[in-house]
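Asker: One structure, as structure tokens, below. Some questions next.
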Amino acid sequence: MKIFSMSVLMSVLTIGLASANFQGPDAAAPVATNSKGGFVSGAETIVTVKQVNEMRDDVPVIIKGHIVQRMGDEKYLFEDATGSITVEIDDDDWRGQTITPTDTVKMYGEVDRGIFKTEIDIDYVEKI
């Protein structure tokens, strides 16, 4: 019985330590998730709405353009030179910024591909 208990305890500790360093999908966008600052290599790839519509589900993206309209609870219409798409921005993702349709924004998020339409679930909004 002692061996079994020790095995379970070691397994729990190992899993806990392994998950402590897990960074998840946001690791692809270090600028968006690191509120303390730090070095950024400048290797960001900004994609267009047209490109997003051709991507698969859960792909991390960075988009740049304008939020032109509120469409409902946490849903907004985003527009760039290639088209428009619905984005979902949670209240805390605004980070205290006030943004108007004339402001250019860079947003970090991931593609949310559904059966009938594609949206972007935004993790971070940056006013440029």
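Only the coordinates and a few stated rules stand behind these numbers; no lab work does. Note that the structure is predicted; figures quoted are calculated from it, not measured. In this analysis, Cβ positions are derived from the backbone assuming ideal geometry, glycine residues included, and neighbour counts consider all displayed protein chains.
Asker: Segment 50-128: which chymotrypsin sites (Phe, Trp or Tyr not before Pro) are DSSP loop and have at most 16 other beta-carbon atoms within 10 angstrom?
Answerer: Sites meeting the loop and neighbour criteria: PHE116.
Asker: With label points built 7 Å along Cα→Cβ from the Cα atoms of LYS117 and ASP92, find their separation and express it in nm.
Answerer: Label-label distance for LYS117 and ASP92, simple model: 2.7 nm.
Asker: Okay, next question. Can you work out ³J(HN,Hα) from phi for every residue in segment 45-50, in order, using Karplus 6.51 cos²θ - 1.76 cosθ + 1.60 and θ = phi - 60°, giving whole Hz and x for Gly and Pro?
Answerer: With the stated coefficients, segment 45-50 comes to 10, 8, 10, 9, 4, 4 Hz.
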